[in-house]
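The values are calculated or read from the model by the stated rules, or taken from the named source; none is laboratory data. Note that the coordinates shown come from a computational prediction; the quantities given were computed from them, not determined experimentally. Reconstructed Cβ throughout: ideal geometry from the backbone, glycine too, with neighbour counts over all protein chains shown.
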Amino acid sequence: MGAFAEFMEKHKIKPESLARVSDVLERGAEADAAARLARAKARADKKPYAELNIAKPTSGRGVSALKVREAMEDKPMPKRVRAKLLRAARKMSKGDNLAAKDLFGEVARKPGLRRVADAVKKAGAKKAGG
């Protein structure tokens, strides 16, 4: 049993409960609504976000119970999924100062789609040049 599964069992948390908390946390708050509105105004004025110091709002999507179960099986997760799981776990543990290393142990991080695409491009360039 991995570190994440041990955490879930120690705190008596069901995957569906963690997924529900993640959904509530990621849905966003007033700050996210304000950020989305500011970004829309910036697009209308054709100004870059960086110039106006506009924060990026959260995605609005929590993790699914399936992803929670996969994390319990120590399957590699992308960075964003791990971050969402960590936020939800911190909320449900009520004060435990959790770090990603504590929650996921030595499980490797799964590369995101952009990294995979970059690796495929590099491999193709080496074949063409070699």
- Task: Could you look through the stretch 50-64, keep only residues that are of a type in the set (A, V, I, L, M, F, W, C) and assigned to a helix (DSSP H, G or I), and pick out the one that is surrounded by the most Cβ atoms within 10 Å (Cβ to Cβ)?
- Result: Leu52
- Query: Between residues in the stretch 17-35 that are on the phi > 0 side of the Ramachandran plot and residues that are exposed (fewer than 13 other Cβ atoms within 10 Å of the Cβ) and not in a helix (DSSP H, G or I), which pairs lie under 8 Å by C-beta distance while being six or more apart or on different chains?
  - Reply: Gly28/Gly60
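Looking at the stretch 65-74 only, could you name the residues that are over 14 Å from Leu25 (Cβ atoms) and surrounded by 13 or more Cβ atoms within 10 Å (Cβ to Cβ)? Full working, then the answer.
Step one: list which residues in the stretch 65-74 are over 14 Å from Leu25 (Cβ atoms), which gives 65-67, 69-74.
Across the stretch 65-74, the qualifying residues are Ala65, Lys67, Arg69, Glu70, Ala71, Met72, Asp74.
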- Those residues of the stretch 95-130 which are modelled with pLDDT under 80 and within 17 Å of Lys12 (Cα to Cα) amount to Gly95, Asp96
- Subset tally (residues that are farther than 29 Å from Leu25 by Cα and of a type in the set (D, E, K, R)) for the stretch 75-130: 5
- Task: From Gly60, Gly2, grab the single residue that is on the phi > 0 side of the Ramachandran plot and touching a residue at least 24 places away in the same chain (Cβ under 8 Å).
- Result: Gly60
- Message: Conditions first: (1) outside any helix (DSSP H, G or I); (2) touching a helix residue (DSSP H, G or I) at 6+ places or on another chain (Cβ under 7 Å). Leu85 passes all but one, so which condition is the exception?
- Response: (1)
- Task: Among the numbered conditions (1) assigned to a helix (DSSP H, G or I); (2) under 27 Å from Lys10 (Cβ atoms); (3) out of contact with any Phe, Trp or Tyr (no Cβ under 9 Å at 6 or more places or on another chain), tell me where Asp32 comes up short.
- Result: (2)
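For Ala31, indicate whether it is small (Gly, Ala, Ser), surrounded by fewer than 15 Cβ atoms within 10 Å (Cβ to Cβ) and over 26 Å from Asn97 (Cβ atoms). Please lay out each step first, then the result.
Details: small (Gly, Ala, Ser): yes; surrounded by fewer than 15 Cβ atoms within 10 Å (Cβ to Cβ): yes; over 26 Å from Asn97 (Cβ atoms): no.
Against the criterion (small (Gly, Ala, Ser), surrounded by fewer than 15 Cβ atoms within 10 Å (Cβ to Cβ) and over 26 Å from Asn97 (Cβ atoms)), Ala31 does not qualify.
Could you please let me know if Arg80 is exposed (fewer than 15 other Cβ atoms within 10 Å of the Cβ), over 20 Å from Arg109 (Cα atoms), without any contact (Cβ under 8 Å) to a residue 40 or more places away in the chain and within 16 Å of the chain's Cα centre (by Cα)?
Values: exposed (fewer than 15 other Cβ atoms within 10 Å of the Cβ): yes; over 20 Å from Arg109 (Cα atoms): no; without any contact (Cβ under 8 Å) to a residue 40 or more places away in the chain: yes; within 16 Å of the chain's Cα centre (by Cα): yes.
Here the answer is no, as Arg80 does not meet what is asked.
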